[in-house]
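Below: one structure, written as structure tokens.
The values are calculated or read from the model by the stated rules, or taken from the named source; none is laboratory data. The structure presented is a predicted model; accordingly, all values stated were derived computationally and were not measured. Don't worry about glycine lacking a Cβ; one is built from the backbone with ideal geometry, like all the others, and counts go over all protein chains shown. For accessibility, only protein heavy atoms count, side chains too; no ligands or nucleic acids. Shrake-Rupley method; radii C 1.70, N 1.55, O 1.52, S 1.80 Å.
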Amino acid sequence: LTALLVSATTFAQNYDEALVPAYTLPDPLVLLNGQPVSDAKTWETTRRPEILRLFENNVYGVMPKDMDSIHFETLRQNASAMNGRAILKETCITVYRNGQSVAIGLTLFVPKNASKPAPVFLLINNRPKSNTDPDRNTKSPFWPAEMAINSGYAIAAFQVSDLAPDDKTKFTEGALRLYPDHLRMGNGMKAIGAWAWGASRVMDFFEKEPLVDAKKVALVGHSRGGKTSLWAAAQDQRFAIAISNCSGNTGAALARRQFGERIRIINTRFPHWFNDNYKQFNDRENDLPVDQHMLIALIAPRPVYATNATKDLWADPTGTFLALKNAEKVYALFMRKSALPASPPPVNQAIKRSVIGYHNREGEHDMTEPDWQHFIQFTNYHFKQK
Ligand code: GTR
């Protein structure tokens, strides 16, 4: 019977809080040499780079920095989109390296009657392109562009498939054409690394685009896109805010809880998302030198908002809340006090007036208008405060 129980708990997904094993999280405030980190300067100059390297080498892969050139071409501009309330600008961002190129399509709406440059939400779109329809024939709650415009925000989106098709054989047909050596490296970037790299190229464009405020970019992603928004904001400090919706395993949820999705499962179903080294941690969550609270900590002192949905236990809502909680002490080094309660807040209650925000929405694994209402209020709190 014991053997049976052991195999059941090892191989099945656990959804029972009572069966979460005891675990010890790596301390974000202890250097690899064992010395404590007690000030923001040591964090920035020493501990943050250490943790970044650990995530590059063991999880997401290194982020290539070199390119030969980057070009921005306006494909279409409409000064009276959305019945005259917005400017629509569609851009092709092309990056060249070693005779190869990758083209990223960007759809951007800017509010006409708000002051410019406008703060902007950027969605990493892992859903069909119809969710971000520039013609607004389809209005998807996944990217409620009218809501953003009415709230004084610009809103933009790019397709992950431009950077890496979400497929275990085709993911190489995008940004990785520019960096083929990554395919032979244990710590080379794969699809999620390529999507995050793409978010940074959109940021390169925003820095040159007078309609938007590149210092006020809130990066948004859902699920696999939410894993990407955290990784992109962790490594690229130009992103002012990171929003990670229902991101779960290898996103905002702690791996060591082994609740819902596990590393072995994600690496087996999606071998093209994370680097090859990460496969060594299948069934070995406790041997990882990081856990996901440290990914959130890499974004400090910039605001982070994570969400869950009550019917999405696969993404471990409690483990997500605990990852946020365990990042608080890094924010405290910057005198940024989070207002998260000691234990998960009631369903549908959003913690928005806080440098670390959170809600657990009633319902399914999805990104919806109620989620976006909270994102806008969280972003208002931070952008309008300053
Ligand atoms: C699931 C995967 C999750 C999450 C989700 C999604 O199949 O197990 O980690 O990323 O897909 O992206 O919707």
Based on this model, can you work out whether Ile51 counts as in contact with a helix residue (DSSP H, G or I) (Cβ under 6 Å, 6 or more places away or on another chain) and either open to solvent by less than 90 Å² (accessible area, probe 1.4 Å) or closer than 30 Å to Gly152 by Cβ (or both)? yes
All-but-one check, Ala81 against (1) touching a strand residue (DSSP E or B) at 6+ places or on another chain (Cβ under 8 Å); (2) open to solvent by less than 30 Å² (accessible area, probe 1.4 Å); (3) under 30 Å from Trp273 (Cβ atoms), failing number (3)
What do you reckon, is Arg238 touching a helix residue (DSSP H, G or I) at 6+ places or on another chain (Cβ under 6 Å), closer than 30 Å to Thr24 by Cα and away from the ligand (no atom under 16 Å from the Cβ)? no
Hits in the range 24-48 (condition: part of a loop (DSSP other than H, G, I, E, B), over 15 Å from Asp291 (Cβ atoms) and open to solvent by 30 Å² or more (accessible area, probe 1.4 Å)): Leu32, Asn33, Gly34, Gln35, Ser38, Asp39
Considering the range 304-331, residues that are acidic (Asp, Glu) and within 16 Å of the ligand (Cβ to nearest atom), and then whichever is surrounded by the fewest Cβ atoms within 10 Å (Cβ to Cβ), we arrive at Asp312
If I go through the range 108-150 residue by residue, how many of them are farther than 21 Å from His222 by Cα and open to solvent by 40 Å² or more (accessible area, probe 1.4 Å)? 8
Got at least one residue in the range 74-85 being in contact with a Ser or Thr (Cβ under 7 Å, 6 or more places away or on another chain) and either more than 21 Å from Asn150 (Cβ to Cβ) or part of a strand (DSSP E or B) (or both)? yes
Do we have His365 as crowded, with 16+ Cβ neighbours inside 10 Å, touching a Cys at 6+ places or on another chain (Cβ under 8 Å), of a type outside the set (S, T, N, Q) and outside any helix (DSSP H, G or I) here? yes
Does the range 160-181 include one or more residues that are over 30 Å from Thr268 (Cβ atoms) and open to solvent by less than 20 Å² (accessible area, probe 1.4 Å)? no
Selected residue (only one of Arg201, Arg224 is more than 21 Å from Pro303 (Cβ to Cβ), open to solvent by 10 Å² or more (accessible area, probe 1.4 Å) and within 16 Å of the ligand (Cβ to nearest atom)): Arg224
Within the range 243-283, restricting attention to residues that are closer than 19 Å to Ser223 by Cβ and polar (S, T, N, Q), which residue is nearest to the ligand (Cβ to nearest atom)? Asn249
Determine whether the range 284-303 contains at least one residue that is surrounded by 22 or more Cβ atoms within 10 Å (Cβ to Cβ) and within 13 Å of the ligand (Cβ to nearest atom). yes
Checking the structure you have, find out if any residue of the range 204-221 is buried (at least 22 other Cβ atoms within 10 Å of the Cβ), closer than 30 Å to Asn282 by Cβ and within 12 Å of the ligand (Cβ to nearest atom). yes
Which of the residues that make up the range 302-346 are farther than 20 Å from Gln377 by Cβ and either in contact with a Lys or Arg (Cβ under 6 Å, 6 or more places away or on another chain) or among the charged types (D, E, K, R) (or both)? Lys311, Asp312, Asp316, Gly319, Lys325, Glu328, Lys329
